[in-house]
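Working notes, structure below.
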Amino acid sequence: MTTTSAHAADTFFAAAAAGDWDAMRAAVAENAVFWQNVDGTERGLEQVIRYTGKLQRTGGFEYLDVRRLLADDGFCEQHTVRFHDAAGTTTAEYAVCVVARVDEAGLITRLDEYLDGSPG
């Protein structure tokens with residue numbers, strides 16, 4: 001099932017970076033929970049999509065230096081997120097660690113994001 005976890009991670013992060021909300025929804029279970037250490041708040045997918053959409057409209061972002069550990073029921077991924085402005089200039093970079101749970105259908109059920117708040 002580690003193949004399922006890898007597919008969930010690949011699909012979710014590629015969709016987020018591309019602004020493909022339908023693909024993002026397809027990678028996530030109906031009642032999935034998203035949490036971030038910055039504010040400690042749990043969110044649903046639609047809230048995450050709204051926030052990610054705002055990031056896309058300001059220039060977008062990309063995932064770099066991806067390192068991932070897979071388990072039968074999820075994955076842990078470290079990556080750098082590089083943000084851009086509308087002209088494509090890098091505006092910030094952050095180190096991130098994500099711990100995610102994936103169900104038997106290969107859908108993300110929980111995603112906890114740990115963000116290093118100091119720009120890289």
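The values are calculated or read from the model by the stated rules, or taken from the named source; none is laboratory data. All figures in this text were calculated on a predicted structure; none of them were measured in a lab. No Cβ is skipped: glycine too gets one built from the backbone with ideal geometry, and neighbour counts run over all protein chains shown. The area values use the complete protein model at the heavy-atom level, side chains included, leaving out ligands, DNA and RNA. Shrake-Rupley method; radii C 1.70, N 1.55, O 1.52, S 1.80 Å.
Before moving on, here are some points about what is shown:
- Ala92 over 16 Å from Thr11 (Cβ atoms) and in a strand (DSSP E or B): yes
- Qualifying positions in the range 69-87 - more than 16 Å from Ala18 (Cα to Cα) and either open to solvent by 30 Å² or more (accessible area, probe 1.4 Å) or in a helix (DSSP H, G or I) (or both): Leu69, Leu70, Ala71, Asp72, Asp73, Cys76, Gln78, Ala87
Condition check ((1) within 13 Å of the chain's Cα centre (by Cα); (2) at pLDDT 90 or above; (3) open to solvent by less than 50 Å² (accessible area, probe 1.4 Å)) across all residues:
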| residue | (1), (2), (3) |
| --- | --- |
| Phe34 | yes, yes, yes |
| Ala105 | no, yes, no |
| Leu115 | yes, yes, yes |
| Gly120 | no, no, no |
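- Search result, residues across the range 95-120 that are under 17 Å from Ala29 (Cα atoms), in contact with a strand residue (DSSP E or B) (Cβ under 7 Å, 6 or more places away or on another chain) and part of a loop (DSSP other than H, G, I, E, B): Asp103, Leu107
- Only one of the numbered conditions (1) surrounded by 15 or more Cβ atoms within 10 Å (Cβ to Cβ); (2) within 13 Å of Ala100 (Cα to Cα) is violated by Leu45, and that is (2).
- Whichever residue in the range 1-28 is surrounded by 13 or more Cβ atoms within 10 Å (Cβ to Cβ) and over 14 Å from the mean Cα position of the chain (by Cα) and, among such residues, is modelled with the lowest pLDDT: Met1
- Filtered residues of the range 51-68 (kept if open to solvent by 70 Å² or more (accessible area, probe 1.4 Å) and either farther than 19 Å from Phe34 by Cα or touching a residue at least 40 places away in the same chain (Cβ under 8 Å) (or both)): Arg57, Thr58, Asp65, Val66, Arg67, Arg68
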